[in-house]
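Asks: Quick one: the structure is below, questions incoming.
No lab work stands behind these numbers, since they all come straight from the coordinates. Please read these numbers as outputs of a predicted model, since none were measured by experiment. Backbone-built Cβ (ideal geometry, glycine too); neighbour counts: all protein chains shown.
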Amino acid sequence: MAAKTDTTGGPRHVAIIMDGNGRWARARGRPRLFGHHAGARRVREVVSACPGMGVDYLTIFAFSTENWKRTQTEVAGLMSLFRRYIYKEMQAFVAENVRVRFIGDRPRLDEKLRALMDEAEQMTGHCTGINLTIALNYGGRDEVARATKRLARDVAAGRLDPEDVDLETLPRYLDTHVLPDPDLVIRTSGEARISNFLLWQSAYAEYEFIDTLWPDFTREIFVDLLRNYGARERRFGAVTA
């Protein structure tokens, strides 16, 4: 019998590392925040393209646990941008049937931003269209460490037997426990690394590293990448006859 493969079409879950905003702005003689604002506007176009291409889940990397190392001006500007973006887009997400979730370590984020995140999740909780997950103050290693702490607490409290821990256990403690693993991970701007993004979840994902800077990422580029994915044979460690 031939080994099972996956050639069933496009990806159901796409994750994107949105890189290149700063370089895009610098090339135009503008401050980095100008590029971040342009990148935020690009998100809407990608979200709108998903339903027609069979993408049910879109996860975007907005701010990493390492991004706090940037200048205070840039970090403050990004936090302000996130607050304005969520507030502005909330009603549109509801109207377009987009369910919004956030992953990452929330306590370090400011109170107003966390309140908006909670409100967006509550307002879109009934939506049944595309699932948009925004990674804010997120790092893959940090996520695994936090998940492990929660798992350890359950073991210590007697709610979980250590002998029952297997490959299916830890994912239940991850921020993404309600999401399927990504099928395709895209990184823009020419960098060929995953930068601590969805480390556990993307073990068998397909990757696309492209030179396009995120503010120049168009619907047409996105559609082409989805079609390229559909032409791949995914064997998950098996071989074909």
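Asks: Taking the stated definitions as given, is ILE60 free of Cβ contacts under 8 Å to residues at least 60 places away in the same chain, of a type in the set (Val, Ile, Thr), under 25 Å from GLY140 (Cα atoms) and in contact with a helix residue (DSSP H, G or I) (Cβ under 7 Å, 6 or more places away or on another chain)?
Replies: Spelling it out, it is not the case that ILE60 is free of Cβ contacts under 8 Å to residues at least 60 places away in the same chain, of a type in the set (Val, Ile, Thr), under 25 Å from GLY140 (Cα atoms) and in contact with a helix residue (DSSP H, G or I) (Cβ under 7 Å, 6 or more places away or on another chain).
Asks: Report whether or not ILE130 is in contact (Cβ under 8 Å) with a residue 60 or more places away in the chain and either more than 22 Å from LEU170 (Cα to Cα) or touching a Leu at 6+ places or on another chain (Cβ under 8 Å) (or both).
Replies: yes
Asks: Here is a follow-up. From the list LEU184, LEU170, pick out the single residue that is surrounded by 14 or more Cβ atoms within 10 Å (Cβ to Cβ) and out of contact with any strand residue (DSSP E or B) (no Cβ under 9 Å at 6 or more places or on another chain).
Replies: Step by step, each of LEU184, LEU170 is checked, and only LEU170 is surrounded by 14 or more Cβ atoms within 10 Å (Cβ to Cβ) and out of contact with any strand residue (DSSP E or B) (no Cβ under 9 Å at 6 or more places or on another chain).
Asks: Would region 124-138 turn up any residue that is buried (at least 21 other Cβ atoms within 10 Å of the Cβ), assigned to a helix (DSSP H, G or I) and under 17 Å from the mean Cα position of the chain (by Cα)?
Replies: No, region 124-138 has no match at all.
Asks: Would you check which residues across region 176-198 are closer than 14 Å to ILE60 by Cα and assigned to a loop (DSSP other than H, G, I, E, B) and list them?
Replies: THR176, LEU179, ASP181, PRO182, ASP183, THR188, ILE194, SER195, ASN196, PHE197, LEU198
Asks: Condition first: in contact with a strand residue (DSSP E or B) (Cβ under 9 Å, 6 or more places away or on another chain) and on the phi > 0 side of the Ramachandran plot. Now tell me which residues in region 126-167 satisfy that.
Replies: Within region 126-167, ASN137 is the sole residue that qualifies.
Asks: Continuing with this model, one more query. Out of the residues in region 48-77 that are of a type in the set (Val, Ile, Thr) and over 21 Å from the mean Cα position of the chain (by Cα), which is surrounded by the fewest Cβ atoms within 10 Å (Cβ to Cβ)?
Replies: Here the answer is THR71.
Asks: In addition: Residues of region 154-197 being aromatic (Phe, Trp, Tyr) and farther than 19 Å from GLY20 by Cβ, which ones?
Replies: If the condition is that a residue be aromatic (Phe, Trp, Tyr) and farther than 19 Å from GLY20 by Cβ, then TYR173 is the only one that fits.
Asks: Here's something else I'd like to know. Quick one: GLU45 ticks every box in (1) among the acidic types (Asp, Glu); (2) buried (at least 17 other Cβ atoms within 10 Å of the Cβ); (3) under 23 Å from THR128 (Cα atoms) except a single one, so which number is it?
Replies: Failing condition for GLU45: (2).
Asks: Could you run through region 48-86 and say how many residues are outside any helix (DSSP H, G or I) and either hydroxyl-bearing (Ser, Thr, Tyr) or within 13 Å of ILE134 (Cα to Cα) (or both)?
Replies: Qualifying residue count, region 48-86: 10.
Asks: In addition: Is there any pair linking a residue in region 147-167 that is β-branched (Val, Ile, Thr) to one that is assigned to a helix (DSSP H, G or I), with Cβ under 6 Å and at least six apart or on different chains, and which?
Replies: Qualifying pairs under 6 Å: VAL155/PRO162.
Asks: Have a look at GLU119, GLU163, GLU143 and point out the one that is within 21 Å of VAL100 (Cα to Cα), more than 17 Å from the chain's Cα centre (by Cα) and of a type outside the set (A, V, I, L, M, F, W, C).
Replies: It is GLU119.
Asks: If you check GLU206 against the conditions, is it surrounded by 13 or more Cβ atoms within 10 Å (Cβ to Cβ), farther than 25 Å from ASP56 by Cα and touching a residue at least 40 places away in the same chain (Cβ under 8 Å)?
Replies: For GLU206, the condition - surrounded by 13 or more Cβ atoms within 10 Å (Cβ to Cβ), farther than 25 Å from ASP56 by Cα and touching a residue at least 40 places away in the same chain (Cβ under 8 Å) - is not met.
Asks: Ok, one more. Return the pairs, sorted by first residue and then second, in which the second residue is charged (D, E, K, R) and assigned to a helix (DSSP H, G or I), the first residue lies in region 90-103 and is closer than 23 Å to GLU143 by Cβ, the beta carbons are less than 7 Å apart, and the residues are 6+ apart or on different chains.
Replies: Sorted first by the residue in region 90-103, then by its partner, the pairs are VAL100/GLU121; ARG101/GLU121; PHE102/GLU121.
Asks: Is it fair to say LYS69 is within 30 Å of LYS149 (Cα to Cα) and in contact (Cβ under 8 Å) with a residue 12 or more places away in the chain?
Replies: no
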